[in-house]
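Structure record follows, encoded as structure tokens.
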Amino acid sequence: MKEAGNNGEEAVSAVEVASSQVKGQSGWDNVKAAYRFNRKTGEISREVYELFLMFILGSAAGGLYGGMPASRFARNRYIQTSNAAIYSSKMEALGTSYNAGTRGFIRYGLRWGWRTGFLAIGFHGLSSFLAVYRDKTDLLNYTAASVCTGALYRVNLGVRGVVGGGVVGALLGLEREHAFKTLIGNLNASVSSTKSENGPVR
């Protein structure tokens, strides 16, 4: 992945470059310029990079949120229900209880991880897509992305689930967008600082 040019300058969004070169282009032209991958050089645009980043961060956060409490509960539950079990040593007993905790962490960590990863990439992807297509960043992008993501997440529950998911998604999405943008900005600044010190990474 290449994020810096030969002169060491920080990479910018493909939309910013395209907009500065071609005035009055259509929304789909902006989308094509933004979401790109160069197979020869391995260069991806900032928009694509942020999609991967948001999915990884969302999945990791959800995995920890769901896995850690489940791990403690599974371990304590095993200890309570295995009082009559006979072990050859204390280490075997501890190891068995920790194995139960690990199984609980994996089970519920994966369950929460894919859900939060879907929500993160869905919200960020839709809001970014709308911003690129409309060539404008405003409240409408975030609201529409929040509603669509929440509705899709609860679509298996029928019409009520879609409506409820859309309302909840809108309320939570507007509140969380600032935190997501701040996190992305800090990570991009950190990566750019490292690349400028070590040179371009291909």
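The values are calculated or read from the model by the stated rules, or taken from the named source; none is laboratory data. It should be emphasised that the depicted structure is a prediction, and the values quoted were computed from it without experimental measurement. Glycine also receives a Cβ, built like all others from the backbone with ideal geometry; neighbour counts cover every protein chain displayed. Each accessible area value is taken on the protein alone, full model and side chains, heavy atoms only, with ligands, DNA and RNA left out. Shrake-Rupley method; radii C 1.70, N 1.55, O 1.52, S 1.80 Å.
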Being charged (D, E, K, R) and assigned to a helix (DSSP H, G or I) is the filter; apply it to region 34-76 and report the residue that is nearest to residue 93 (Cα to Cα). 75
Quick one: how many residues across region 1-54 are modelled with pLDDT under 50 and small (Gly, Ala, Ser)? 8
Hits in region 149-165 (condition: more than 19 Å from the chain's Cα centre (by Cα) and closer than 18 Å to residue 121 by Cα): 155
Give me the pairs: first residue in region 155-167 and part of a helix (DSSP H, G or I), second residue surrounded by fewer than 15 Cβ atoms within 10 Å (Cβ to Cβ) and at pLDDT below 80, beta-carbon distance under 7 Å, and six or more apart or on different chains, which are they? 161/155; 162/155
Out of 145, 151, 120, report the one residue that is in contact with a His (Cβ under 9 Å, 6 or more places away or on another chain), part of a helix (DSSP H, G or I) and modelled with pLDDT of 80 or more. 145
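Please tell me if residue 52 is closer than 15 Å to residue 117 by Cα, open to solvent by 60 Å² or more (accessible area, probe 1.4 Å) and not aliphatic (A, V, I, L, M).
Values: closer than 15 Å to residue 117 by Cα: yes; open to solvent by 60 Å² or more (accessible area, probe 1.4 Å): yes; not aliphatic (A, V, I, L, M): yes.
Spelling it out, residue 52 is indeed closer than 15 Å to residue 117 by Cα, open to solvent by 60 Å² or more (accessible area, probe 1.4 Å) and not aliphatic (A, V, I, L, M).
Search region 132-156 for residues being open to solvent by 30 Å² or more (accessible area, probe 1.4 Å) and of a type in the set (S, T, N, Q), and hand back the single one that is nearest to residue 29 (Cα to Cα).
Of the residues in region 132-156, the ones open to solvent by 30 Å² or more (accessible area, probe 1.4 Å) are 133-140, 142-144, 147-148, 152-156.
Next, from what is left, pick out any that are of a type in the set (S, T, N, Q): 137, 143, 156.
Numbers: 137: 17, 143: 23, 156: 34 Å.
My answer is 137.
If we scan region 81-93, do we find a residue that is closer than 28 Å to residue 61 by Cα, of a type in the set (Ser, Thr, Tyr) and surrounded by fewer than 20 Cβ atoms within 10 Å (Cβ to Cβ)? If you could, list the steps in order and put the result at the bottom.
Start the filter on region 81-93 by keeping residues that are closer than 28 Å to residue 61 by Cα, which leaves none.
The answer is no, given that none of the residues of region 81-93 is closer than 28 Å to residue 61 by Cα, of a type in the set (Ser, Thr, Tyr) and surrounded by fewer than 20 Cβ atoms within 10 Å (Cβ to Cβ).
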